[in-house]
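Got a structure for you, questions after.
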Amino acid sequence: MSAPHAMPPEPTQGGEAAWLARLVVATTPGEVAAVVAAFVQEQAGCRHAVVAWAGSGLPRAYSSCGRLPDYGRLDRARALLASNGQGCVRQGQELLLRLLPQERAFLMLDMERGQTPESLLGQLEPFLELAGPYLQRALKLADLEDSHRQLARSEVLQRALFAIADLAGSDLDMPEMLKRIHGIISTLMYAENFFIVRSDPQRGTMRFLYYADIEDTDAPDTSHDVPLESLRNSMTWHLLTGGKALMGSLEQISRQVSGTFAPSGPEAVDWLGVPMLRDGQVYGALVVQSYQAGIGFSEDDRALLEFVGSHVLTALERKQSKDELEERVRLRTQELAEANRGLQQEVHERQRAERLQAALFHLAQLATADIDENEFYERTHAVVGELINAENFFIALLSDDRQKLVFPYYVDAGMRKAQERPLGRGLSEYVLRRGQPLLAFQEDTLELARRHEVDLVRVGRPAVCWLGVPLRVDEQAIGLVAVQSYTPSIDYDQADQELLTFAALQIANSIHRRRAAVSLQRAYAELEQRVAERTFELRQEIAERERVQSQLKHEVMHDALTGLPNRGFLRDRLERVLAILQREPGRRCALLYLDVDRFKVINDSLGHLAGDAFLKEIARRLHDCVREPDVVARLSGDEFAILLEDIDIPAAAVAVAQRVLDALSVPMQIAGRELAPSASMGIAIGDSTYTTADEVLRDADIALYRAKEEGRKRYELFDETLAKNVIDVLTMEGELRQALARDEFEPYLQPFCRLEDGAVVGYEALLRWNHPKLGVLGPADFLKVAHDSGHIESIDWRLFERGCERFLQLADQNTFLTFNVSALHLRHRDFDARLVHLLERTGLPPWRLIVEVTEGSLLDNPEQVRTMLERLRAIGVGAALDDFGTGYSSLSYLHSLPLRMLKIDRAFVHALGADEHTTATTVVAAILALARALDIQVIAEGIETPTQREALLGMGCELGQGYLLGHPAPIGRWLGREGRAD
């Protein structure tokens, strides 16, 4: 409590009027209390008077005798007044008078011995009734002044916090931001000596981010972190480890900390440090200190600095996060720029290849074009000009006796020239002598002249850059094609030389063919009759070629068996119809997608010839059900489609569908058997909402499969209800992420067995998904979505690790484990290292593991794959070539790759179970012979029947896999059944 003492007015003459005058000029509660206490003191019978009041701050009091009031006694007096309820209370010689309601102000006086309160009250009451309102007014004014001071201080604090928040989002660098934070703190308190320290509790380090001190000449390093223990027992160390504010002189602070206290640096008169906390954890501190007597810090400063400290920490963290984000953005932008440059280079190379391909095609066309020689060379010049700069261009040919150089086409500086000359020592002759392309700049030409390879007189006007390529026919140079530049800004490089070399091959071929044509024409002139006959023959050949081309075009766009248009024809026609619908939104079309029911049964039962006859009859009936310009097409084996280009209402398409079903249901005679065919059909109504043919085919296909699900021999019309039943790819992507997090993927093991006795020699780890709603899903249900969404590699590695762990639960130590490795993994150069680390982690011996790769996965980078497999073989991990025979089947893979095993694709094994499997038997026998020659073990996949097993045993195949030998199953299925496959 504070007790300001206003000096009582000097005793003067004038009675109550004089005291009232003094009361009127008093403005503060202390001044009014002093007047009241002095007035009461002067009254007869009063020894001592104290006026007490309570404002917006601590309780205050004024004593008439100048002594420090006894606040404990005053508190008891206030409580007595409050409990009594009367305005006047006597207690012995002490008299208490309430001046303001609720004991906000009261008068306590000590009476002379023998003095009665009644007489004293009679003297005081008139004056006190006037003094009460003045004291009330003074207290209100004091409250207003105090509120104003608090508001001003709050505004300063609010501006400071706003300024700190703005700094966090500014573009200032960290030193400038810290300097401005110092300036902001200086507006709140004395902060001439100020520093900010950050700490990392996890690493046990700290750093002085900012340090400003007028006395300390040995400022700490602000550029890097230091161990927190290096400042052990210092004030900063105690502040960061204690997690509470420290304030005062060194002596006072030493009493606030526990343990050893070893301050460093100049001794401060007053020191204030507050920790910056986040969730109760210390992440730094703010410190101010004073070296001047009379300048110190209060509890208000401590509370204010603690409050500001949390905002400074937030600003520092936001600034640090922003800087880190900007750095990540910069690095990512740099990566994207590098990728973009790579893509641009790839696009440039592709465009260059396309230009070259188009140029070669045009040059090839010129060989047979019906144009004269002059136009031939002009067009050749134009084609070369599309590849490289050919402003100055010529073609030179050797004469028949190879003694002269003839220039049938020569353009130099825009001028056309025709000339010939004897062979000499020019650049053209140099190219013909060496038979190699020449790219020469002026200095190269001078060097050739110095070596007497060329004669500068023959060279003529020197070119800045000269490029010539020989024209070869049957490995013999017949001339050359050359370009040259007289401008330093235009030159040629190795890429231009390659392009001109490719073009020269086709130019030489075209010239040779045109020369042959000229020779023929000469012969025709000499033998007119033979020319006429030859002309007739050529016309026949041309007609035949046109007929063949027309037939080829028809065959490309039509099905060879039924003569109906094929899928390509249908897509092209459907695209054109959709384009019309886009222009005329009111029109509609319909696509009927049908599948012949049980065709496989007919084909397998009656044979392929009967199946072909069956399909032809189906095609004929379908064709009879439609009119022009509607299209009937065969899409694949037993799938057909009908495109109705213009329908009014969907019912029209439904009527055609019913007509088709009725027509197909009529029995037919095939191979002496009466068959009653049927079909399932899906209908999609096309309108302007469709943009591509694939969308219409997709919807019709969805409706077709719904028709099959509903029992076949029916049709279904596509609507939105069917679309909703299609797999929601986005939902499955989310479920795949959750499946990885919940470890829902499980390896199923399928055994490899010896075909002779059925003994299990190994297992293949196959992926299964224990879906929480759909049950166990195979790869076909989700693999494409996993691949497209980028989850496939994470899923594969989960399969690899779980497969090794499950496999080790089996007691048989002589079996091996295989799993499939996709091309995605083989593109990573560290795949083998990761695999080795997985083996070390799981404890599986490398010799018990075999990785399966497909032929397609070897195409990206065969050399990288071969090197990786060699490294794996060096540590004991084997390699198997999966699905052999279905991909590229390059023999180079078998002898160049370190293969331990070869797996024959199930397509060949399946064919062994059919009646006609001569081709499959031959292929399988050849694969077995090739594998034995290369000492590669062979496994046959997809063995489902005893017939297939016996056929493979008969051909010498030792190992196999398939449902006949064992279905894929969890590890629990195989525990206790080792050595056999049930």
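Touching a strand residue (DSSP E or B) at 6+ places or on another chain (Cβ under 7 Å), of a type in the set (Lys, Arg), surrounded by 14 or more Cβ atoms within 10 Å (Cβ to Cβ) and in a helix (DSSP H, G or I), is that true of Arg798? Let's see the steps before the verdict.
On the way: touching a strand residue (DSSP E or B) at 6+ places or on another chain (Cβ under 7 Å): yes; of a type in the set (Lys, Arg): yes; surrounded by 14 or more Cβ atoms within 10 Å (Cβ to Cβ): yes; in a helix (DSSP H, G or I): yes.
In short, yes.
Okay, next question. Give the residues of the range 629-673 that are in contact with a Phe, Trp or Tyr (Cβ under 9 Å, 6 or more places away or on another chain), at pLDDT 90 or above and part of a loop (DSSP other than H, G, I, E, B), sorted by residue number.
none
Just to be sure before I move on: is Ile618 part of a helix (DSSP H, G or I), touching a Pro at 6+ places or on another chain (Cβ under 9 Å), farther than 25 Å from Leu591 by Cβ and touching a residue at least 12 places away in the same chain (Cβ under 8 Å) in the structure I sent?
Details: part of a helix (DSSP H, G or I): yes; touching a Pro at 6+ places or on another chain (Cβ under 9 Å): yes; farther than 25 Å from Leu591 by Cβ: no; touching a residue at least 12 places away in the same chain (Cβ under 8 Å): yes.
No: the conditions fail for Ile618.
Just for strands (runs of 3 or more DSSP E) wholly inside the range 51-167: which have at least 3 residues that are touching a residue at least 24 places away in the same chain (Cβ under 8 Å)? Can you show your working first?
Values: elements: 60-63, 88-91, 94-100, 105-111.
By residue number, 60-63, 94-100, 105-111.
Could you please find all residues in the range 567-616 being in contact with a strand residue (DSSP E or B) (Cβ under 7 Å, 6 or more places away or on another chain) and among the β-branched types (Val, Ile, Thr)?
Listed by number, the residues that qualify are Val577, Val596, Ile602.
Rundown of residues vs (1) farther than 19 Å from Gly778 by Cα; (2) surrounded by fewer than 18 Cβ atoms within 10 Å (Cβ to Cβ), yes/no style:
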position	(1), (2)
Val938	yes, no
Glu941	no, no
Thr945	yes, yes
Ala951	yes, no
Gln961	no, no
His967	no, yes
Pro970	no, yes
Arg973	no, yes
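Since Leu366 meets every condition but one in (1) more than 18 Å from Ala517 (Cα to Cα); (2) of a type outside the set (Asp, Glu); (3) surrounded by 14 or more Cβ atoms within 10 Å (Cβ to Cβ), which condition does it not meet?
Every listed condition holds for Leu366 apart from (1).
Let me ask something additional. Out of all the residues in the range 349-401, which are acidic (Asp, Glu) and in contact (Cβ under 8 Å) with a residue 60 or more places away in the chain?
We begin by selecting, within the range 349-401, every residue acidic (Asp, Glu); these are 349, 354, 370, 372-373, 375, 378, 386, 391, 400-401.
Result: Glu373, Glu391.
Would you check which residues across the range 631-674 are farther than 30 Å from Asp604 by Cα and surrounded by fewer than 19 Cβ atoms within 10 Å (Cβ to Cβ) and list them?
Asp646, Asp648, Ile649, Pro650, Ala651, Ala652, Val654, Ala655 - these are the residues of the range 631-674 that are farther than 30 Å from Asp604 by Cα and surrounded by fewer than 19 Cβ atoms within 10 Å (Cβ to Cβ).
Then there is this: Picking from Ala212, Ala219, which residue would you name as being assigned by TED's automatic domain parsing to the domain that holds Val287, exposed (fewer than 13 other Cβ atoms within 10 Å of the Cβ), farther than 18 Å from Asp300 by Cβ and of a type in the set (A, V, I, L, M)? Break it down into steps so the answer makes sense when it comes.
Values: Ala212 fails: exposed (fewer than 13 other Cβ atoms within 10 Å of the Cβ).
Matching residue, one of Ala212, Ala219: Ala219.
Same structure again: Go through (1) of a type in the set (Gly, Ala, Ser); (2) assigned to a helix (DSSP H, G or I); (3) in the same structural domain as Thr689 (by TED's automatic domain parsing); (4) surrounded by fewer than 11 Cβ atoms within 10 Å (Cβ to Cβ) one by one and return the number of the condition Gly611 breaks.
(4)
Rundown of residues vs (1) assigned by TED's automatic domain parsing to the domain that holds Met415; (2) in a helix (DSSP H, G or I); (3) within 36 Å of the chain's Cα centre (by Cα), yes/no style:
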| position | (1), (2), (3) |
| --- | --- |
| Ala293 | no, no, no |
| Val308 | no, yes, no |
| Thr314 | no, yes, yes |
| Glu335 | no, yes, yes |
| Val347 | no, yes, yes |
| Leu360 | no, yes, no |
| Leu366 | no, yes, no |
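Here's the yes/no breakdown for (1) loosely packed, with under 14 Cβ neighbours inside 10 Å; (2) among the charged types (D, E, K, R):
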residue: Glu129; (1), (2): yes, yes
residue: Arg149; (1), (2): yes, yes
residue: Thr187; (1), (2): yes, no
residue: Val197; (1), (2): no, no
residue: Phe208; (1), (2): no, no
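Rundown of residues vs (1) hydroxyl-bearing (Ser, Thr, Tyr); (2) within 17 Å of Gln738 (Cα to Cα); (3) in contact (Cβ under 8 Å) with a residue 60 or more places away in the chain, yes/no style:
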{"residue": "Asn770", "(1), (2), (3)": "no, yes, no"}
{"residue": "Lys773", "(1), (2), (3)": "no, yes, no"}
{"residue": "Gly803", "(1), (2), (3)": "no, no, no"}
{"residue": "Gln809", "(1), (2), (3)": "no, no, yes"}
{"residue": "Val821", "(1), (2), (3)": "no, no, no"}
{"residue": "Asp830", "(1), (2), (3)": "no, no, no"}
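Conditions first: (1) polar (S, T, N, Q); (2) in contact with a Phe, Trp or Tyr (Cβ under 7 Å, 6 or more places away or on another chain); (3) without any contact (Cβ under 8 Å) to a residue 40 or more places away in the chain. Thr815 passes all but one, so which condition is the exception?
Just one mismatch for Thr815, condition (3).
Select from the range 820-842 the residues that are part of a loop (DSSP other than H, G, I, E, B) and touching a Phe, Trp or Tyr at 6+ places or on another chain (Cβ under 9 Å) and list them in ascending order. Let's see the steps before the verdict.
Taking the range 820-842 and keeping what is part of a loop (DSSP other than H, G, I, E, B), we get 821-822, 827-830.
Answer for the range 820-842, where residues must be part of a loop (DSSP other than H, G, I, E, B) and touching a Phe, Trp or Tyr at 6+ places or on another chain (Cβ under 9 Å): just Val821.
Quick check on this structure: which one of Leu730, Leu766 is out of contact with any Gly (no Cβ under 7 Å at 6 or more places or on another chain), farther than 29 Å from Ala651 by Cα, modelled with pLDDT of 90 or more and not hydroxyl-bearing (Ser, Thr, Tyr)? Even if it seems obvious, please write down each step before you answer.
Working: Leu730 fails: modelled with pLDDT of 90 or more.
Unique residue meeting the criteria: Leu766.
Further, regarding this structure: Among the numbered criteria (1) hydroxyl-bearing (Ser, Thr, Tyr); (2) part of a helix (DSSP H, G or I); (3) modelled with pLDDT under 85, which one does Thr867 miss?
For Thr867, the failing item is (3).
For every residue, the table says whether it meets (1) surrounded by 15 or more Cβ atoms within 10 Å (Cβ to Cβ); (2) modelled with pLDDT of 80 or more.
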{"site": "Tyr62", "(1), (2)": "yes, no"}
{"site": "Cys65", "(1), (2)": "no, no"}
{"site": "Leu68", "(1), (2)": "no, no"}
{"site": "Leu80", "(1), (2)": "yes, yes"}
{"site": "Ser83", "(1), (2)": "no, yes"}
{"site": "Met108", "(1), (2)": "yes, yes"}
{"site": "Gln115", "(1), (2)": "yes, no"}
{"site": "Glu118", "(1), (2)": "no, no"}
{"site": "Pro133", "(1), (2)": "no, yes"}
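I would also like to ask the following. Ala396: of a type in the set (Gly, Ala, Ser) and within 56 Å of the chain's Cα centre (by Cα), yes or no? Break it down into steps so the answer makes sense when it comes.
Details: of a type in the set (Gly, Ala, Ser): yes; within 56 Å of the chain's Cα centre (by Cα): no.
It is false that Ala396 is of a type in the set (Gly, Ala, Ser) and within 56 Å of the chain's Cα centre (by Cα).
Take the conditions hydrophobic (A, V, I, L, M, F, W, C) and more than 23 Å from Asp70 (Cα to Cα) and apply them to Leu139. Does it pass?
Working: hydrophobic (A, V, I, L, M, F, W, C): yes; more than 23 Å from Asp70 (Cα to Cα): no.
For Leu139, the condition - hydrophobic (A, V, I, L, M, F, W, C) and more than 23 Å from Asp70 (Cα to Cα) - is not met.
Quick check on my filter: what residues within the range 628-668 are under 47 Å from the mean Cα position of the chain (by Cα) and of a type in the set (S, T, N, Q)?
Result: Ser636, single match.
In the range 233-261, what count of residues is obtained for those that are without any contact (Cβ under 8 Å) to a residue 40 or more places away in the chain, out of contact with any helix residue (DSSP H, G or I) (no Cβ under 9 Å at 6 or more places or on another chain) and either farther than 16 Å from Phe297 by Cα or of a type in the set (Lys, Arg) (or both)?
Of the residues in that region, 6 qualify.
So, one more: Quick one: count up the residues across the range 803-833 that are surrounded by 13 or more Cβ atoms within 10 Å (Cβ to Cβ) and within 23 Å of the chain's Cα centre (by Cα).
Number of matching residues: 8.
For the range 387-401, give me each residue that is over 12 Å from Ser428 (Cβ atoms) and modelled with pLDDT of 85 or more. It would help to see each step written out before you state the result.
Taking the range 387-401 first, the residues over 12 Å from Ser428 (Cβ atoms) are 387-393, 399-401.
Result: Ile388, Asn389, Ala390, Glu391, Asn392, Phe393, Ser399, Asp401.
The values are calculated or read from the model by the stated rules, or taken from the named source; none is laboratory data. Owing to the predicted nature of the structure, the values given are computational and were not obtained by experimental measurement. So basically every Cβ, Gly included, is an ideal-geometry build from the backbone, and we count neighbours across all protein chains shown.
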